1. Along the Cα-to-Cβ line of Lys89, 7 Å from the Cα, sits a label point; which residues in region 109-133 have backbone N less than 19 Å from it?
2. Tell me the net charge near Val274. Cut-off is 14 Å between Cβ atoms, Val274 excluded, with +1 for each Lys or Arg and -1 for each Asp or Glu.
3. Which value, in debye to the nearest 20, describes the size of the charge dipole of the chain about its Cα centre when Lys and Arg Cβ atoms bear +1, Asp and Glu Cβ atoms bear -1, and nothing else is charged?
4. I need to check one value: relative contact order of the chain, counting alpha carbon pairs closer than 8 Å and at least 6 residues apart, in percent.
5. Could you pull out the longest piece of the chain with no exposed loop GluC sites (Glu not before Pro) in it, calling a site exposed if DSSP puts it outside H, G, I, E, B and it has at most 15 other Cβ atoms within 10 Å?
6. Hey, got a sec? Which trypsin sites (Lys or Arg not before Pro) in region 188-289 land in a DSSP loop and have at most 14 other Cβ atoms within 10 Å?
7. So with the 1.4 Å probe, I'd like the accessible area per residue for the chain, rounded to whole Å².
8. For region 143-201, report the convex hull volume of the alpha-carbon atoms normalised per residue, in Å³, without decimals.
Amino acid sequence: MTTTALMNQQFRLAARPVGMPKRSDWEQISEPVREINEGEIMIKVLYLSLDPAMRGWMNEGKSYIRPVAIGETMRAGGVGVIVASKSDKFAVGDTVSGGTGVQQYWVGAADDKSGNFYKIFPAMAPLTTWLNTLGMPGMTGYFGLIESGQPKAGETVVVSGAAGAVGMTVGQVAKQLGCRVVGIAGGKEKCDFVVNELGFDACIDYKNSVVKDGLKEHCPNGVDVYFDNVGGEILDTVLTRINLRARIVICGAISQYNNTTPVKGPANYLSLLVNRARMEGIVVFDYADRYHLGVAAMSKWMQEGTFKSREDVVDGLENFPEALLMLFEGKNFGKLVLKVADA
């Protein structure tokens, strides 16, 4: 396949944001797609995963993964189809998932470590689901809850960001394990979805009610596992309700990501001491060698009709800067996905 006629649209990081990212923090460019070499593949990107972690990748400084460099294509997970291959690992027509970046085409070595591409199976689930429940957010929720939260049947599990990609997985996995599950989400529509569609036992609307009162009402026996996606005041409040030997899983802190002042830490951390509780951070990449186990478990539940996946799809690569902001404005409902092209 000749690629000389193809042009690649992409977004590169132009400046490190202060507070909320602005369109001027990005450079949108177009350049010809190069021919592939031996051992390489070309991927036509179909969908991109938009995740809160992307805000952290834009910052300078040491973290669990190197920051995106100024002038570099923005890091993002995606799904796409192989349109050219000079590798035995993938054939033209294979559908794959991995680190495509925010662009229309990815070209490089089939075994590229940053891409970490692997085959996915559209017949098993829609492509967007492979960026949600069967992708990185799903693996985050599944392994983070099971490995760090260690929930037991009959325990009470609370999850913030309950209507988001990770939160909806956490709550549903906890229900599969026989736990009482209480979500925290923003707005009646999201709370209704969490309870009526996902099967949570209750949901606290942090925008229209007092979280402390909701925890007292819906967690009469206290909190055994708290899966935190938001940080800030909600984390502080849940710490006042934890039980002896509780487990607090720190997955994210979206309420703090765009701060222009220092990150607010938990003022009630002494509750960990009093209750002999454990607080542990998680990073999904630690479980990469076991992703297939999470996919197998959750795809089985989905086939049985006891597990649901919801994606919020925005159309058009050109809308990337504004779509990313939806995460921090609470506008997305389910996993936020950007559609780049038709298959």
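1. 109-121
2. +4
3. Around 760 debye, computed over the chain.
4. Averaging sequence separation for qualifying contacts and normalising by length gives 17 percent for the chain.
5. 73-343
6. Lys207, Arg276
7. 44
8. With only Cα atoms used, region 143-201 gives 62 Å³ per residue.
The values are calculated or read from the model by the stated rules, or taken from the named source; none is laboratory data. In this text, all values refer to a predicted model and were calculated from it rather than measured experimentally. Here Cβ is always computed from backbone atoms with ideal geometry, including for glycine, and neighbour counts include all displayed protein chains. These accessible areas exclude ligands, DNA and RNA; they are computed on the full protein's heavy atoms, side chains included. Shrake-Rupley method; radii C 1.70, N 1.55, O 1.52, S 1.80 Å.
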